[in-house]
Structure formats: C-alpha cells, structure tokens
Amino acid sequence: MRTAVILSTYNAPDRLEPTLIGYAAQHRSDFELIVADDGSTKATHDLIQQVAVRFGLQIRHVWQPDVGFRKCRILNQAILATDADYLIFSDGDCIPRQDFVDVHIQRARRGRFLSGGYFKLS
C-alpha cells in the first residue's frame with residue numbers, strides 16, 4: 001500500500017524541523033512525505049531543503065501564497081500531488097513516535113478513518 005504523510009504548516013520552521021527529523025527516524029521509510037504549506041516565507045522552504053539533504057529524505061513541498069488562512073485548500077493541493085493509496089495527516093509541529101507510520105499502516109482498513117492523539121510539550 002503506497003502511503004503518504006501530509007504535514008500542514010505555516011511560518012513555523014523552528015517547529016517543523018523536529019517534526020521532519022521525527023519522520024526521518026521512522027522504523028520504516030517506504031512512505032512519501034509532503035509538506036502542505038499555507039504561505040510560509042522562504043525560511044520554511046530553506047529548512048525543508050536542508051533537512052532533506054541532511055537526512056536523505058525526499059520531501060515534496062506544496063506551497064501557496066499567503067492570502068489569509070487557507071489550510072484546507074493547501075491540504076487539497078497536497079492530496080492532488082500524490083497518488084498514494086493511504087494518506088496520513090498531521091501538523092508540522094507534531095513530532096511523531098518512531099513507529100507512527102508503521103502503526104498507521106498496520107491498522108489501516110478500507111473504508112475506515114484512523115484517528116490518534118498527541119501530548120503537548122512545553
């Protein structure tokens with residue numbers, strides 16, 4: 001099953017970096033990583049490029065101009081950018097456990113929606 005992780009972000013490269021590193025540390029690497037960016041500045045683009053090189057990640061950066069809050073629109077654009085069978089949505093400030101993608105794939109069922117929680121860190 002082809003899997004894509006879609007991360008939404010907006011002008012928070014300091015929070016996006018540990019999140020991307022978390023996906024570099026996953027137990028499995030057979031997934032596509034897409035950053036759905038609702039108009040961040042060049043700092044976010046530069047960070048994505050740096051992390052991709054540093055950790056050998058293939059990251060697709062789907063960006064739209066900043067003309068107000070349009071998170072749903074950029075998520076739809078990210079969906080259109082992949083042909084994956086299974087989509088995992090998260091936020092660019094949520095650092096995944098090492099088994100995050102693996103657990104999702106193990107528990108995936110046709111016609112079902114899998115939801116998870118998170119712990120807030122200071």
Let me know the shape class of the range 72-118, please: from the alpha-carbon gyration tensor, a ≥ b ≥ c as square roots of the eigenvalues, rounded when a/c is under 1.5, otherwise prolate if a/b is greater than b/c, or oblate. oblate
Please give the helix 71-80 orientation as an angle from the longest Cα principal axis of the chain, in degrees from 0 to 90, rounded to the nearest 10. 60 degrees
Quick check: net charge around residue 13, other residues with Cβ under 12 Å of its Cβ, Lys/Arg +1 and Asp/Glu -1? -3
Take the solvent-accessible surface of the protein heavy atoms, probe 1.4 Å, and return the percent of it on the chain that carbon and sulfur atoms account for. 52 percent
Residues whose placed amide H lies under 5 Å from that of residue 35, excluding near-sequence neighbours: 7, 60, 61, 62
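With the other protein chains left in place, how much accessible area per residue, in square angstrom, belongs to the range 37-101 at a 1.4 angstrom probe?
On the way: 3950 Å² over 65 residues.
Counting only protein heavy atoms, the per-residue value for the range 37-101 is 61 Å².
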Kindly provide the helix-only [θ] at 222 nm of the chain, computed as the sum of -39,500 (n - 2.57) over DSSP H runs of four or more divided by all residues, to the nearest 500 deg cm²/dmol? -11000 deg cm²/dmol
Tilt of helix 42-55 relative to the longest C-alpha principal axis of the chain, in degrees (0 to 90, nearest 10)? 40 degrees
Please give me the summed charge of the neighbours of residue 84: other residues whose Cβ is under 10 Å from its Cβ, Lys and Arg +1, Asp and Glu -1. -2
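Defining a contact as two alpha carbons under 8 Å apart and six or more residues distant in sequence, what relative contact order in percent does the chain show?
39 percent
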Around residue 34: net Lys/Arg minus Asp/Glu count, Cβ-Cβ under 12 Å: -2
Mind jotting down the three principal axis lengths of the range 1-58 based on Cα atoms? Whole angstrom, largest first. 33, 21, 15
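The values are calculated or read from the model by the stated rules, or taken from the named source; none is laboratory data. In this text the structure is predicted, and so the values were computed from the model without any measurement. Neighbour counts run over all protein chains shown; Cβ positions are idealised from the backbone, glycine included. Ligands, DNA and RNA are stripped out before the accessible areas are found, and what is left, the full protein with its side chains, is counted by its heavy atoms. Shrake-Rupley method; radii C 1.70, N 1.55, O 1.52, S 1.80 Å.
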